[in-house]
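Data first, discussion second: the structure below is written as structure tokens.
The values are calculated or read from the model by the stated rules, or taken from the named source; none is laboratory data. Everything quoted here is computed from the prediction, not taken from an experiment. Positions of Cβ are generated from backbone atoms using ideal geometry, with glycine treated the same way; all protein chains shown enter the neighbour counts.
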Amino acid sequence: MSRNVKVNVEYLTRVEGHGNIVVNVKDGKLEECRLDIVEAPRFFEGMLRGRSIFEAQHITSRICGICACGHTLASIQAGEDALGLRPSEQTIKLRKLLLHQEMLDSHILHIYLLVAPDLLGVKSFVPLIDTHHKVVRRALRMKKTFNDVCDILVGRHVHPISAIVGGFTKLPKEKDLDAMLDMLKGLRPDMEATMELLSTLKFPGFERETEYVALVNDADEYPLLEGDIGSTDGLRISKKDYLKLTNEFVVPHSSAKHAKASRESYMVGALARLNLNYKKLHPRAKKAAELLKIKPITTNPFLNTAAQAVECVHCLEESISILEDLKEKGVNQDEAIVVGLNEKGTIPVKAGNGVGAVEVPRGILFHNYEIDKDGKIVNADCVIPTGQNLNNIEHDMRKLVPEILDKKDEEITLAMEMLVRAYDPCISCSAHFLDVKFVNR
Amino acid sequence: MSNLLTAEIDDLLKPAAALTVIICVGNTLRSDDGVGPYIASYLSNSKLLAVIDAGYNPENFIGEAAGLKPGRIVIIDAADFGGKAGEVKVINEGDIPGASLSTHAIPLKVIYHILKEDTASEIKFIGIQPKEVRHGECLSPEVRAAADKIITKIKKEFTDA
């Protein structure tokens, strides 16, 4: 088809941060297809230098208002790895519970606020008040619940206060466990309704096989907080070797670095996790996956949203299990850590290098700190999931455009926007990104 | 002066027959956007007044506000309506923005609609024109002066009620 198409989306809406989509097709030939990331660098790694390892998590949580808990947990894990400190089983359970709330909150917002308007044929979440009244209320109810649980656990729903290196400064009492359990169990009908709604929506059809990367382990648990780095291309390396995965490189049109591993690009996030760890999902989550017709290996990136929905069921059920377990065994309040920067030297400090690798809503997040003998950070590196996905998104775009050249310009633009949104990119964190420019088709 | 309260706002900030709930909205880390929480921090609940500091996630306070069964709800937030810094204005329903400052924030329009459905209350939105909404923890002198007038007015009216 000898057609000219020029797409220039500046900036893309319903993604976090600023990015532009540029597509240029001339005489039916794709000449330009890229995702410009136009956000300024954040310099968080620079800010960490000279700061105590015991305050790093309070600084890095500010990288993102959505993944604040994920950054906190990756930061703490890197710190503990550098210090050679292994947290208690109780601490690990509470951290998993915290991570589940962030996963739930972020996924639900992405599904309802950012993706549903496209699938329901409206421009934003606002018109849904009139047309999908119950859906709007359900979304708000679910979001509030996860915020409230997070609030009980770590002091507030964003930028946690009580989660620190070594454990928690405040631990939940029995009444807190009861309150969280009531709230989360009460949400099961809303979760079922969410799956039913999604099962009626039609995601765009598009296939591009790529390398899927996520945490993997040899245990029965769906790995989110801990594990090795694994991929569908057979990669299995320690989190310490994360640089062998990311192989970051610079491209002229993006202030965020791109990444690649075994082939030209790779994908992280809910779909990658599901492709690698499907068997370890909670049985109810597997039922949701069946309802949404998603199973490994799924190669349609638009179904990342469906994979997020499946993970919502998993995280809700796992949260309830953790809380029931804590309730049965009781929370040992003696494990509470004293607030501060380890002034009393309760935690032994030594020089070292540590890596944190945590699955956050958009994929695997790495924090790496080198600390001196006093626990001060000498060097820091944070590799954010969206940054790892950018290269893969562009490869998807390059495959998708020629397949939809028979469509109208506005349909092509919408398809490109939906594709990028499917990754739930957090451009501000990756450095920042999104806007579509058609330059001639 | 631009921050004089109009007669309409004056009336809104007087006690009504039933409870008035004032929902203060804003982010204290974004300069003048923090005017809502600033106002809330100086007010206390009384027989005819309940104050909610809803910060940057007002959607989480809809249930609390509706549960009080108020006769009137007044939402106070920074609003860029092209006025002079510190100007205070009642924002009409049709002018409440449908977009959010942040991608993952719930638009105020959605919150307004749900409050309207869940209560039989009169709902009004008072906007204060910000001078600056960049990162920062201080209010500009103009916006602080406007906020102080609102605080003084509410304290006077509701303390005596």
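So that you can scan it fast, the table gives a plain yes or no per residue for (1) outside any helix (DSSP H, G or I); (2) hydroxyl-bearing (Ser, Thr, Tyr):
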| position | (1), (2) |
| --- | --- |
| A:244 | no, no |
| A:251 | yes, no |
| A:263 | yes, no |
| A:275 | no, no |
| A:278 | no, yes |
Check: Tally time: how many residues in the stretch A:211-252 are surrounded by 15 or more Cβ atoms within 10 Å (Cβ to Cβ), modelled with pLDDT under 95 and in contact with a strand residue (DSSP E or B) (Cβ under 6 Å, 6 or more places away or on another chain)?
Finding: 1
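The rows are residues; the columns are (1) surrounded by 17 or more Cβ atoms within 10 Å (Cβ to Cβ); (2) of a type outside the set (A, V, I, L, M, F, W, C); (3) away from every other protein chain (no Cβ under 13 Å); (4) in a helix (DSSP H, G or I).
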position	(1), (2), (3), (4)
B:22	yes, no, yes, no
B:63	no, yes, no, yes
B:73	yes, no, yes, no
B:84	no, yes, yes, no
B:90	no, no, yes, no
B:109	yes, yes, no, yes
B:112	yes, yes, no, yes
B:115	yes, no, no, yes
Notebook entry, point to check: Somewhere in the stretch A:155-176, is a residue crowded, with 22+ Cβ neighbours inside 10 Å and in a helix (DSSP H, G or I)?
Noted result: no
Next item on the list: Determine whether the stretch A:323-334 contains at least one residue that is out of contact with any Ser or Thr (no Cβ under 8 Å at 6 or more places or on another chain), under 22 Å from residue A:112 (Cα atoms), part of a loop (DSSP other than H, G, I, E, B) and modelled with pLDDT of 95 or more.
Entry: no
Item checked: Looking only at the stretch A:135-178, and only at residues there that are within 14 Å of chain B (Cβ to nearest Cβ) and of a type in the set (A, V, I, L, M), the one that is nearest to residue A:341 (Cα to Cα) -> A:158
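In the stretch A:116-130, which residue that is more than 12 Å from chain B (Cβ to nearest Cβ) and assigned to a helix (DSSP H, G or I) is nearest to the chain's Cα centre (by Cα)?
So the first thing to find is which residues in the stretch A:116-130 are more than 12 Å from chain B (Cβ to nearest Cβ), and the list is A:116, A:118-121.
Now drop any that are not assigned to a helix (DSSP H, G or I), which leaves A:116, A:118-119.
Details: A:116: 18, A:118: 21, A:119: 21 Å.
Of everything passing the filter in the stretch A:116-130, A:116 is nearest to the chain's Cα centre (by Cα).
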Margin query: For residue B:151, only one of the following conditions fails: (1) in a helix (DSSP H, G or I); (2) within 28 Å of residue A:109 (Cα to Cα). What is its number?
Written below: (2)
Margin query: Going residue by residue through the stretch B:124-135, is there one that turns out to be more than 13 Å from the chain's Cα centre (by Cα) and within 14 Å of chain A (Cβ to nearest Cβ)?
Written below: yes
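Mind listing just one residue for me: the one in the stretch B:35-61 that is part of a strand (DSSP E or B) and modelled with pLDDT under 95 and, of those, surrounded by the most Cβ atoms within 10 Å (Cβ to Cβ)?
Out of the qualifying residues, it is B:54.
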